[in-house]
Amino acid sequence: MSSVKKPEWTPCEAGAEFASHVMSGVINAHDGMPSAPSAPFVLASPKRRQLSLDDYVSGVLAGDRTILSRAITLAESNSPSHFDLSQQVIKEVLPKTGNSVRVGITGVPGAGKSTFIEALGCRLCERGKKIAVLAVDPSSSVSKGSILGDKTRMENLAKHKNAFIRPSPSGGTLGGLTRKSRETMLLCEAAGYDVILVETVGVGQSETTVRSMVDFFLLVVITGAGDDLQGMKKGVMELADAILVNKADGNNELKADTTRVEYDRMLHYLRQATEGWTTRAYTCSSVTGKGVDEIWGVVEQFMAAVKESGVFGERRKQQILSWVYTMVEDQLRQKFYRHPDVINIKERVERQVISGELSATGAATELLRAYGLEVAD
């Protein structure tokens, strides 16, 4: 074979069974290195096209998933240069928002929230509905990083053409919700998604934040009523429009029903989360699918009831106002910590507080005055 030759280190009597060969055109190390080509080949990744305001708006309204993802990234960015453009995009698409069913889903770690969302999402997609899942991953308090593995946990739902899953880092914010979750929700609504499912990082953060974003609030729990009820905060249960005992299958089914009865008994003594609606507990199995359709039927009954009573419209108004003041607080916080005079004294003030030279109240007063606020002594 003229195109193949054996290397010098090939055994003398080696035949075809010796698999190593040097192909023609490859320079032998002993023959010296080849000279560098005049025009070296460089494999460069294509540069993403910068999108204009019109590109973002038309893409989102057309339901283009790629542009929707980029618009959400723009809204989530902490860069001041991205803020104005993202707000312009949201302003343009705002008339097309507000038509989806917003469902918040929270629960104790290990309750199977992601598994339930996948089971519910797949059922709704099969009915022809478009589903957006905003799954908020907990950020590390040390590295500030997140795994963002929700698409891995919802593999079947992620493959569906009618589903859009957006994992976002919580950034350590209270309630496990990103600072821009409301804008993300609006962008998904403008893109034509009928149901928005917001999964939070779990009980113990601040479910009031979740409640202020959604129409229906679902608390997912697991069996073992005694331990669960002792560990569950009364305030969390008072926010829920329904409590779902998950993993009601196999040998656990009877225990799950007992847990449901216990929760119903407790709910009887608690203030209802929504005027005119009685919160109840239900069971389901995200694995077998039993009870999944029932819980969506509960959501539909709830939406019909609150729209008829006027509670729905009033709640949406309060959500908008809550959004406004959350944004005000967020902007003030950012501006405060970026203020040059605050930055200049921040390290010195921190040292004095730690060493005991300055009280916490005195430090706060000094920082606020550096920002330009008049604070009484």
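Every read-out reported here was derived from the displayed coordinates using simple, explicitly stated rules and does not represent laboratory data. Since this is a predicted model, take the numbers as computed values, not measurements. Cβ sites come from the backbone with ideal geometry, for glycine too, and all protein chains shown count toward neighbours.
Evaluating 6.51 cos²θ - 1.76 cosθ + 1.60 at θ = phi - 60° for every residue in the stretch 273-279, the Karplus couplings come out as 6, 10, 4, x, 10, 9, 6 Hz, glycine and proline recorded as x. Amide hydrogen proximity for S286: with H placed 1.01 Å from N in the peptide plane, the residues at 5 or more positions away or on another chain lying under 5 Å are K247, A248.
Taking other C-beta atoms within 10 Å as the exposure proxy, V298, V324 rank V324, V298 from fewest upward.
The trypsin sites (Lys or Arg not before Pro) of the stretch 238-346 that DSSP puts in a loop, and whose beta carbon has at most 13 other beta carbons within 10 Å, are R271. How much net charge surrounds G128 when only the other residues with a Cβ under 14 Å from the Cβ of G128 are counted, with Lys and Arg +1 and Asp and Glu -1? Net charge around G128: +3. Taking amide H atoms as placed 1.01 Å from N in the peptide plane, the amide H of A135 lies under 5 Å from those of R166, S168, E199, each 5 or more residues away in sequence or on another chain.
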